[in-house]
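Everything below concerns the one structure shown next.
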Amino acid sequence: MTTSPPTPSLPAPGLRPWTLFSRLSVGGAGESAPPDLEDELVPPDLSGTVLRGRYELVRRIGCGGMGEVYEARFLASGQAVAVKILFRRYAAREEFLVRFRRELQVLEAIRHPNVVRVRDFDQASDGRPFMVMELIDGIDLASRVARRGPLPITEVIELGRQLCDALACLHARGVIHRDITPRNVLVEGEGPGLKVKLIDLGVCKATAEWYAEARPYMTPPGRRLRTRTGMILGTPGYTAPEAIDHPPAPHHDIYSLGVVLFEAATGRRLPRVWAHAIPDRVDASALGLDRHAWRTLLKAIEPCPEVRYVSAAAMAEALEDLRLVVADSAESVPVEGGSASARELSGQESRSRAPVWVKLVLAFLVVHALVDLAQRLRVRDDVERARRLGVREPASAPAAEVRSDDVGWP
């Protein structure tokens, strides 16, 4: 009896991507990239190309700093996947192979619902490495904000909460992303069904080894961190101001995430001068934020790292508190009377004043009870002292001093 061969499927996660790259030469298959491709700015579209006889590139869906991403089809099963392939002009450069390998290593080791998963890896016929990842049915956050404008605050909160969870997972393993930008955040769905994926870990680094490798590329006097090819690690405008002088730390990613959430909530870039000093008085309403949302974001984008959230988990807790405040504000808005802004302000003021009145009433009751108790104890002591001395009280005086009506006795 003959048996049909099993249906091919995508390689299971858990493979070791660095085993492939340990065999790669700097030029891919032992060849250097053609000189005319070194200055290539717009890579040719590879749609229709079949990689290694397994993956057909359907359409290009994005370009990053060192590679391009295609929607592809796994020919054996027809499954839709995403393929990221290194630019040909970088295939002959050791630094970019190292970064590509690093991304594979991290993605292979991390298992989190908000971090994109890698499924396969190989080398194209021209020597360029590529990785196969899950295909996300969504767009990057930058494109979404550009098309629709600022996100509702409820979506910003959910976006931030999921990204905080992803960062907590990375940081727990000693990995700092270092390039959190709207382009590196994929968003799928909206409202309660919003899902987020963090991508592009090509410049991530383990905290212990990062500074030792980076120190030779610190260029005085500004000590701006550069790679061997002269590129600054991270994206200007999203990188923490202290990151160019210090080894990577979780609060660098927290700053970047704060900037991303600010952009998602306001639809505008964070002013560059705020990276050094944020004005004492900022009109949050002009940014489209209420004071609660502004305070939550402000703690993430503080120029001083000691003032920021101590961890991604702490930032997630702050976002959860903000969610409760937003939900409470939505429920307390009256149906009739007054403008929306006036109603919100009135609700905020009444909620802020209510605890003060409660405290005043409680303080009054406590003081009254203490005074009453002191009076009772004083009268009791006087009566006991008189009894011990054998003093007979005048008929009229005790009635005036120790009447139950005066001291409150039953």
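The values are calculated or read from the model by the stated rules, or taken from the named source; none is laboratory data. Note that this is a predicted model, so its numbers are computed, not measured. As a convention, Cβ positions derive from the backbone with ideal geometry for all residues, glycine included, and neighbour counts pool all protein chains shown.
How about the range 119-177: which of its residues are at pLDDT 95 or above and of a type in the set (Val, Ile, Thr)?
Selection gives Val145, Ile153, Thr154, Val156, Ile157.
If you go through the range 300-333, how many residues are in contact (Cβ under 8 Å) with a residue 12 or more places away in the chain, under 13 Å from Ala240 (Cβ atoms) and in a helix (DSSP H, G or I)?
Counting residues in the range 300-333 that are in contact (Cβ under 8 Å) with a residue 12 or more places away in the chain, under 13 Å from Ala240 (Cβ atoms) and in a helix (DSSP H, G or I) gives 1.
Checking the conditions here, which among Ala243, Ala265 is of a type in the set (Gly, Ala, Ser) and touching a Lys or Arg at 6+ places or on another chain (Cβ under 9 Å)?
Exactly one of Ala243, Ala265 is of a type in the set (Gly, Ala, Ser) and touching a Lys or Arg at 6+ places or on another chain (Cβ under 9 Å), namely Ala243.
I'd like to verify a number: residues in the range 245-258 that are hydrophobic (A, V, I, L, M, F, W, C) and without any contact (Cβ under 8 Å) to a residue 60 or more places away in the chain, how many?
Going through the range 245-258 one residue at a time, the tally reaches 0.
For Arg228, all conditions in the list (1) touching a strand residue (DSSP E or B) at 6+ places or on another chain (Cβ under 8 Å); (2) at pLDDT below 85; (3) over 22 Å from Tyr309 (Cβ atoms) hold save one; what is the number of the exception?
That leaves (1) as the condition not met.
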